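So the structure is just underneath, and the comments pick up after that.
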Amino acid sequence: MSEGRCKVCTHAQRGLIDQDIAGGMNNSQTAEKWGLSRDSVRRHRIAHLSPALKGVLTRRESAGAVRALDRLEDLHVKASAILDAAMEDGKPSLSLAAIRELKGLTELLARITGELDERPQVQVLNVVSDPAWVEARTRLLAALRPYPEAAQAAALALGVADE
């Protein structure tokens, strides 16, 4: 993508966007702040940052100021670049390997950010108000009417008033 078509390069606030990137803001945060797509910011970060800003990012990373999420996003950026290059070069096996890595990175990012929740879901079934249960209970109590003591004991056990 040429700089003339890059959404970040043509943005009226490019300088401020570059400062945010160099200051450690990740692709998602930068995209949200400036109304861009995360992929546009990612591509800009890879291809269009000035050497000086790339140096700032490198120093920042080597100083350990990058959070795990940022490092994970950087891996995602690199794997995406490998996928793009492999597809352009017509290397299907390398493309598939990059896709597998991107899938794993995307799943991990989704777990970390809360977009993917794999916790078991609990569904509560209220049988007391279920029509089938109400009908079965009514029939049981009706069948026990000739036996008042049994009907009363069953109603008590079922937690219902005398019917």
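The values are calculated or read from the model by the stated rules, or taken from the named source; none is laboratory data. From a predicted model like this one, the values you see are computed outputs, not experimental measurements. Heads up, the Cβs are rebuilt from the backbone with ideal geometry, glycines too, and the neighbour counts pull from every protein chain shown.
Just to check your reading of the model, which residue among 50, 80 is in the same structural domain as residue 8 (by TED's automatic domain parsing) and of a type in the set (Ser, Thr, Tyr)? Break it down stepwise before answering.
Values: 80 fails: in the same structural domain as residue 8 (by TED's automatic domain parsing).
Of 50, 80, the one residue that is in the same structural domain as residue 8 (by TED's automatic domain parsing) and of a type in the set (Ser, Thr, Tyr) is 50.
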Quiz item: If you scan the stretch 1-30, which residues turn out to be polar (S, T, N, Q), under 25 Å from the mean Cα position of the chain (by Cα) and not in a loop (DSSP other than H, G, I, E, B)?
Solution: 27, 28, 29, 30
Quiz prompt | Unmet requirement for residue 33, which otherwise passes all of (1) in contact (Cβ under 8 Å) with a residue 12 or more places away in the chain; (2) assigned to a loop (DSSP other than H, G, I, E, B) | solution = (2)
Practice problem: Keeping to the stretch 114-134, report how many residues are within 17 Å of the chain's Cα centre (by Cα) and surrounded by 11 or more Cβ atoms within 10 Å (Cβ to Cβ). | Solution: 1
Quiz item: How many residues are more than 20 Å from residue 44 (Cβ to Cβ) and either in the same structural domain as residue 41 (by TED's automatic domain parsing) or in contact with a helix residue (DSSP H, G or I) (Cβ under 6 Å, 6 or more places away or on another chain) (or both) when one looks only at the stretch 89-111?
Solution: 4
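Given the structure, is residue 86 hydrophobic (A, V, I, L, M, F, W, C) and not assigned by TED's automatic domain parsing to the domain that holds residue 18?
Numbers: hydrophobic (A, V, I, L, M, F, W, C): yes; not assigned by TED's automatic domain parsing to the domain that holds residue 18: yes.
Taking the combined requirement at face value, the residue satisfies it.
Report yes if residue 157 is loosely packed, with under 12 Cβ neighbours inside 10 Å and over 30 Å from residue 103 (Cα atoms), otherwise no. If you could, list the steps in order and put the result at the bottom.
Numbers: loosely packed, with under 12 Cβ neighbours inside 10 Å: yes; over 30 Å from residue 103 (Cα atoms): yes.
Yes: the conditions hold for residue 157.
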